[in-house]
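**Student:** One structure is given below, represented as structure tokens, and several questions about it will come after.
The values are calculated or read from the model by the stated rules, or taken from the named source; none is laboratory data. Source: prediction; values computed, not measured. Reconstructed Cβ throughout: ideal geometry from the backbone, glycine too, with neighbour counts over all protein chains shown.
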Amino acid sequence: MYCGQVRREHVGQTIILKGWVRHRRDHGGLIFIDLIDREGLCQVVLNLETMDREHFEQAHALRDEYVLAIEGVVRPRPEGTVNPNLPTGEIEVATTRWEVLNPSEITPFKLDEHQKVSEEIRLRYRYLDLRRPEMQRNLMVRSNFCRVVRNYMYDRGFIETETPMLTRSTPEGARDFLVPSRLHKGTFYALPQSPQLFKQLLMVSGHDRYFQIVKCFRDEDLRANRQPEFTQIDIEMSFITPEDIYELIEGLLVRVYKELKGIDVPTPMPRMSYDDAMLKYGKDAPDLRYGMEIADLTEAFKAGSEFKVFNAVIEKGGVIRGFAIPGAGGKFSNTQLKPEGELNQAAQKMGARGIAWFRVKGGASAEGAGLESNIAKFFKPEVLSAVRSKTGAKEGDLIIIVADVELVAADVLGRLREKLAADLNLIDKDKLAFTWVVDFPLVEWNPKEKRWDSKHHPFTAPRYEDVHLLESDIGKVKAQAYDIVLNGQEIGGGSIRIHRRDIQERVFHAIGISQEEAERKFRFLLEGLSFGAPPHGGIAMGVDRMMMILLGEESIRGVIAFPKTQNGACLLTDSPAQVDAAQLEELGIKIVAEEEK
Ligand code: ASP
């Protein structure tokens with residue numbers, strides 16, 4: 001029996017428990033021990049009066065985290081000592097015999113005081129950190145999650161198939177992790193950024209419905225809540241439209257939330273175009289738990305502004321956008337709203353030159369539409385009333401405005417919106433706001449490299465009606481791609497794929513991949529497409545992010561058994577690490593010291 005499973009119904013039974021000493025209260029002739037295992041803790045009592053004295057005396061040496069086996073009789077706790085907060089709180093075990101299975105050094109942190117220790121220490125001693133009930137629960141929920149997902153996918157006729165880890169580059173927009181080959185010196189495998197091309201080839205093979213819960217590897221720059229290796233539910237299906245994917249994934253999310261949280265997730269889930277998401281929320285993964293929609297005010301200001309800053313932005317083809325923060329009119333003083341105040345500083349750090357603001361004081365019919373600001377005098381009353389109505393601002397709100405080139409205005413307002421909603425406590429933490437984002441552009445301009453890059457990956461199908469634009473105006477081509485977003489985080493994304501060799505070649509060409517390079521890197525795909533590839537499409541869901549949201553964890557490291565730090569180090573195993581000279585020699589690799597470079 002597990003320590004955490006002893007209940008009132010076991011009273012009178014003699015049981016054996018094995019677990020760890022989490023606490024020990026030594027009253028001389030009476031010793032209380034909290035014995036803990038993965039199911040929880042149980043109070044174990046050692047009493048001098050009912051035990052052999054010598055055996056009892058040795059128990060004074062028991063310490064925290066010793067591994068202990070006990071035999072004893074379950075009995076109700078004496079009146080007044082029942083602990084209603086504990087599943088085992090009604091009983092205790094009167095111990096007759098005990099044995100230390102293994103002692104423990106003093107642990108580097110007390111396991112119930114983990115909050116007081118740095119994450120570095122916790123990651124270095126991860127096996128101790130994982131011994132804590134919260135982490136045990138997280139890993140258990142993660143395991144249940146995978147079980148629910150597998151059952152659902154099997155119910156829906158999917159086949160779980162593994163794909164190689166040692167492979168060649170699968171472009172998902174990140175750098176590859178490379179593995180040198182010993183047998184073919186000077187050549188490298190890449191760890192998969194995703195199984196993308198293999199799952200497409202499984203469709204060519206007639207597999208029809210594939211899924212896999214799989215590790216993916218991306219050598220990306222540091223960002224919060226990213227891991228160099230992460231887990232996806234990877235899915236591909238033949239002969240489908242996006243509607244089939246929406247239905248499948250909505251069903252999966254419904255099943256997961258019902259079985260793991262007892263929550264009914266409503267379907268169908270809303271859908272929003274990429275353009276709308278960028279305009280109204282400043283990002284392609286909008287958080288819809290709260291309003292504060294961004295409005296485009298460019299036209300409104302064009303109609304009557306003597307404010308030079310805005311006019312200059314409009315002349316240069318920029319935009320003026322803003323949103324209303326409910327009830328925030330009184331929350332920011334004029335000093336806080338000044339250029340050196342906190343809001344402006346935050347906006348500047350995000351890349352804008354600053355913000356303008358209006359406080360909503362009077363009713364919509366009041367003079368100047370009730371808007372007050374240091375710059376209100378520059379605008380005709382009609383302009384102010386348009387600003388008020390377009391932002392949907394109400395009395396007591398604060399409107400903030402950014403005027404800049406479109407990309408900057410959208411991005412900064414999107415980030416301010418999220419920051420202010422969080423800072424001002426405007427987010428309903430219990431809400432689950434799912435949305436599909438659809439109609440993505442096929443490509444995006446890479447100003448650094450001066451070329452078009454795929455927005456998702458180069459195997460994404462363009463909308464059929466846009467195929468003719470591939471050579472003439474690729475920036476206008478929309479993709480048959482979709483993302484599923486939960487509470488402002490992309491939890492999955494996918495697309496209908498290109499299943500014809502000629503179109504794939506045209507897309508490669510349009511994004512600057514020469515025919516020679518395409519043949520060299522993607523020969524297997526192009527050949528596969530030419531042997532009767534069925535129309536197909538799929539999606540990948542991010543397991544770590546979904547777990548994070550499901551468990552309410554702040555950090556992605558809280559849902560992964562053995563995670564890496566922000567800079568890709570494993571503090572438990574001290575990796576990445578140097579290797580022996582002999583190993584390098586076998587691989588034909590020479591490390592060039594920094595100064596030699
Ligand atoms: N392979 C894509 C990714 O990992 C997902 C997909 O298109 O199915 O993001």
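**Student:** Test each condition in (1) within 15 Å of the ligand (Cβ to nearest atom); (2) within 27 Å of Leu529 (Cβ to Cβ) for Leu252 and report the one that comes out false.
**Tutor:** (2) is the only condition that Leu252 fails.
**Student:** Which of the residues that make up the stretch 42-71 are assigned to a strand (DSSP E or B) and either within 19 Å of Glu105 (Cβ to Cβ) or within 50 Å of the chain's Cα centre (by Cα) (or both)?
**Tutor:** Across the stretch 42-71, the qualifying residues are Cys42, Gln43, Val44, Val45, Leu46, Val67, Leu68, Ala69, Ile70, Glu71.
**Student:** Still on this model: Could you grab me the full set of residues in the stretch 346-378 that are part of a helix (DSSP H, G or I) and free of Cβ contacts under 8 Å to residues at least 60 places away in the same chain?
**Tutor:** Answer for the stretch 346-378, where residues must be part of a helix (DSSP H, G or I) and free of Cβ contacts under 8 Å to residues at least 60 places away in the same chain: Gln348, Lys349, Glu367, Gly368, Ala369, Gly370, Ala376, Lys377.
**Student:** When you go through Pro270, Pro286, Pro266 one by one, which is the residue that is more than 16 Å from the ligand (Cβ to nearest atom), at pLDDT 95 or above and surrounded by 14 or more Cβ atoms within 10 Å (Cβ to Cβ)?
**Tutor:** Pro286
**Student:** Under 9 Å between Cβ atoms, which residue pairs at least 6 apart in sequence (or on different chains) link something in the stretch 52-67 that is in contact (Cβ under 8 Å) with a residue 12 or more places away in the chain and surrounded by fewer than 17 Cβ atoms within 10 Å (Cβ to Cβ) with a partner that is acidic (Asp, Glu) and outside any helix (DSSP H, G or I)?
**Tutor:** Going by the 9 Å Cβ cut-off, the qualifying pairs are His60/Asp26.
**Student:** Just to be sure I understand, how many residues within the stretch 171-205 are under 21 Å from Glu236 (Cβ atoms) and free of Cβ contacts under 8 Å to residues at least 60 places away in the same chain?
**Tutor:** Summing the residues that are under 21 Å from Glu236 (Cβ atoms) and free of Cβ contacts under 8 Å to residues at least 60 places away in the same chain in the stretch 171-205 gives 9.
**Student:** Looking at the stretch 418-442 only, could you name the residues that are within 16 Å of the ligand (Cβ to nearest atom) and either surrounded by fewer than 17 Cβ atoms within 10 Å (Cβ to Cβ) or part of a strand (DSSP E or B) (or both)?
**Tutor:** Those that are within 16 Å of the ligand (Cβ to nearest atom) and either surrounded by fewer than 17 Cβ atoms within 10 Å (Cβ to Cβ) or part of a strand (DSSP E or B) (or both): Trp436, Val437, Val438, Pro441.
**Student:** Can you tell me which residue in the stretch 179-196 is farthest from the ligand (Cβ to nearest atom), limited to those that are within 18 Å of Phe459 (Cα to Cα) and assigned to a loop (DSSP other than H, G, I, E, B)?
**Tutor:** Only one residue tops the list, namely Pro192.
**Student:** Of the residues Ala59, Ala69, Ala94, which is of a type in the set (A, V, I, L, M), in contact with a Lys or Arg (Cβ under 6 Å, 6 or more places away or on another chain) and either at pLDDT below 95 or over 24 Å from Leu130 (Cα atoms) (or both)?
**Tutor:** Just one listed residue meets the conditions, Ala94.
**Student:** Being at pLDDT 95 or above and farther than 23 Å from Leu130 by Cα narrows it down to one residue among Val6, Val11; which is it?
**Tutor:** Val11
**Student:** Could you list all residues from the stretch 496-520 that are in a helix (DSSP H, G or I) and among the polar types (S, T, N, Q)?
**Tutor:** Gln504, Gln515
**Student:** Shifting gears a bit: When Thr170 is evaluated against the numbered criteria (1) touching a Lys or Arg at 6+ places or on another chain (Cβ under 8 Å); (2) among the polar types (S, T, N, Q); (3) within 16 Å of the ligand (Cβ to nearest atom), which criterion, by number, is the only one it fails?
**Tutor:** (1)
**Student:** Among the residues in the stretch 217-232, are any within 13 Å of the ligand (Cβ to nearest atom), hydrophobic (A, V, I, L, M, F, W, C) and under 20 Å from the mean Cα position of the chain (by Cα)?
**Tutor:** The answer is yes, given that some residue of the stretch 217-232 is within 13 Å of the ligand (Cβ to nearest atom), hydrophobic (A, V, I, L, M, F, W, C) and under 20 Å from the mean Cα position of the chain (by Cα).
**Student:** For Gly157, indicate whether it is away from the ligand (no atom under 16 Å from the Cβ), out of contact with any helix residue (DSSP H, G or I) (no Cβ under 8 Å at 6 or more places or on another chain) and of a type outside the set (Asp, Glu).
**Tutor:** yes
**Student:** Can you name the strands (runs of 3 or more DSSP E) wholly within the stretch 443-495 that have at least 3 residues being within 11 Å of the ligand (Cβ to nearest atom) and touching a residue at least 12 places away in the same chain (Cβ under 8 Å)?
**Tutor:** 481-486
**Student:** So in the stretch 99-147, with the set limited to residues that are of a type in the set (Asp, Glu) and farther than 30 Å from Glu54 by Cβ, which one is surrounded by the fewest Cβ atoms within 10 Å (Cβ to Cβ)?
**Tutor:** Glu113
The rows are residues; the columns are (1) of a type outside the set (Asp, Glu); (2) surrounded by 13 or more Cβ atoms within 10 Å (Cβ to Cβ); (3) within 12 Å of the chain's Cα centre (by Cα); (4) assigned to a loop (DSSP other than H, G, I, E, B).
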site: Asp544; (1), (2), (3), (4): no, yes, yes, no
site: Glu553; (1), (2), (3), (4): no, yes, yes, yes
site: Pro563; (1), (2), (3), (4): yes, yes, no, yes
site: Glu585; (1), (2), (3), (4): no, no, no, no
site: Lys590; (1), (2), (3), (4): yes, no, no, yes
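**Student:** Same structure again: Kindly list, by first and then second residue, each pair from a residue in the stretch 220-244 that is farther than 30 Å from Pro268 by Cα and in contact (Cβ under 8 Å) with a residue 24 or more places away in the chain to a residue that is within 15 Å of the ligand (Cβ to nearest atom) and assigned to a loop (DSSP other than H, G, I, E, B), limited to pairs with Cβ atoms under 7 Å and residues at least 6 apart or on different chains.
**Tutor:** Glu220/Ala174; Glu220/Arg226; Pro228/Arg218
**Student:** What pairs come up if the first residue lies in the stretch 1-18 and is more than 20 Å from Asn83 (Cα to Cα) and of a type in the set (Lys, Arg), the second is exposed (fewer than 15 other Cβ atoms within 10 Å of the Cβ) and modelled with pLDDT under 95, and their beta carbons are under 6 Å apart, counting only those six or more places apart or on different chains?
**Tutor:** Here the result reads none, with nothing in the stretch 1-18 linked to a residue that is exposed (fewer than 15 other Cβ atoms within 10 Å of the Cβ) and modelled with pLDDT under 95.
**Student:** Now for a separate question. May I ask you to verify whether Lys199 is within 15 Å of the ligand (Cβ to nearest atom), of a type in the set (Lys, Arg) and within 25 Å of Glu553 (Cα to Cα)?
**Tutor:** Judged against the criteria, Lys199 is not a match.
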